[in-house]
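One structure is given below, encoded as structure tokens.
The values are calculated or read from the model by the stated rules, or taken from the named source; none is laboratory data. Treat the numbers as computed from the prediction; the structure is a model and nothing was measured. Note that we place each Cβ from the backbone using ideal geometry, even for glycine, and neighbour counts take in every protein chain shown.
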Amino acid sequence: MLLLQPDQEIAWMAPYAYAIVLFGFILFLFRVFENWYASKYNKPLFRHYWVFKKLPKVQLDIIEKEFEFYKKLSEKHKRQFQHRVATFIAEKKFIGRENLEVTDRMKVLIASAGCMLSFGRKNYEYSLINFILIYPKEFYSAINDDYHKGEFNPRERALVLSWKDFEQGNKVADDNMNLGIHEFMHAMQLESRQSKDIDAVRFAKQFQNILVQLTDQNVKNKLDETRYFRAYAFTNQYEFMAVLAEYFIESPMDFKRHFPKLYSHTQKLLNFTFAGY
């Protein structure tokens, strides 16, 4: 039996080694360009590299009948949305509390709310959330010894929702009160503070732009005069962002008419350039 000598083995492997190094260098250059593009244009170069997951018909029927945002999307974006919702449902554990039975409808509508808010992002999966806890109605929270309709608990990696209030927010699409959007925004805020990816960088930049707007005297005067945002928004900057997201999603044209600069920064923060936004 003939055996390759050490120098022959190295010569045989060399083309593969060169190919691996070249591929790594090309990938490095692509990442540099991708980050430059995201920084310059305030949006990711690619939101998707591939889309392949589809929802079962029973779940797709729920979205088509009950989720207005999905109806406004192009066919391309509908495929992306399906992929994201299917990914979300597969990766998160849904748990019913107080003997509540978790249904397909609950999973699909909650996943759709989260995926709608993160639809403009490349990293859309809410990495800080592992569990979706669903109560029938308002629930007692030990966090502040009070009853809540929803909360994000980063320590337990859990998003907690009152199904009664979530469902109400989903049914009434123009009252600027949407529990799902509100709580998912809290999760997105914390993730953006802890991450350094292109979505987090854009979020931080536009968040600061929004805070600067709130120090503008003309904006402050108009906020006082119009009382446009509900009072709860001014609890703190995090609640303001959560309420801002509700208004942006549910009444974009009205929001844009009243506060065009705040609208623009929110649109860039979420990279929302579809479905008429």
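Suppose we filter Ala233, Ala242, Ala275 for residues that are outside any helix (DSSP H, G or I), surrounded by 15 or more Cβ atoms within 10 Å (Cβ to Cβ) and among the aliphatic types (A, V, I, L, M); which single one remains? Only one candidate passes the filter, namely Ala275. For Ser112, the test of being within 26 Å of Gln82 (Cα to Cα), surrounded by 15 or more Cβ atoms within 10 Å (Cβ to Cβ) and either modelled with pLDDT of 95 or more or under 18 Å from the mean Cα position of the chain (by Cα) (or both) is passed.
Of all residues in region 180-197, exactly one satisfies the criterion of being in a helix (DSSP H, G or I), surrounded by fewer than 21 Cβ atoms within 10 Å (Cβ to Cβ) and either under 9 Å from the mean Cα position of the chain (by Cα) or of a type in the set (D, E, K, R) (or both), namely Arg193. Considering the conditions (1) free of Cβ contacts under 8 Å to residues at least 40 places away in the same chain; (2) in a helix (DSSP H, G or I), Glu151 is excluded by exactly one of them, (2). Residues in region 83-103 that are farther than 15 Å from Leu117 by Cβ and crowded, with 20+ Cβ neighbours inside 10 Å: Ala86, Ile89. Checked against the criteria, Phe240 counts as closer than 30 Å to Tyr70 by Cα and aromatic (Phe, Trp, Tyr).
Looking at region 204-212, can you tell me whether even one residue there is in a loop (DSSP other than H, G, I, E, B) and without any contact (Cβ under 8 Å) to a residue 24 or more places away in the chain? There is no residue in region 204-212 that is in a loop (DSSP other than H, G, I, E, B) and without any contact (Cβ under 8 Å) to a residue 24 or more places away in the chain. Picking from residues in region 129-156 that are under 19 Å from Met177 (Cβ atoms) and hydroxyl-bearing (Ser, Thr, Tyr), the one that is surrounded by the fewest Cβ atoms within 10 Å (Cβ to Cβ) is Tyr147. Could you tell me whether any residue of region 63-82 is touching a strand residue (DSSP E or B) at 6+ places or on another chain (Cβ under 8 Å), more than 25 Å from Asn42 (Cβ to Cβ) and among the acidic types (Asp, Glu)? There is no residue in region 63-82 that is touching a strand residue (DSSP E or B) at 6+ places or on another chain (Cβ under 8 Å), more than 25 Å from Asn42 (Cβ to Cβ) and among the acidic types (Asp, Glu).
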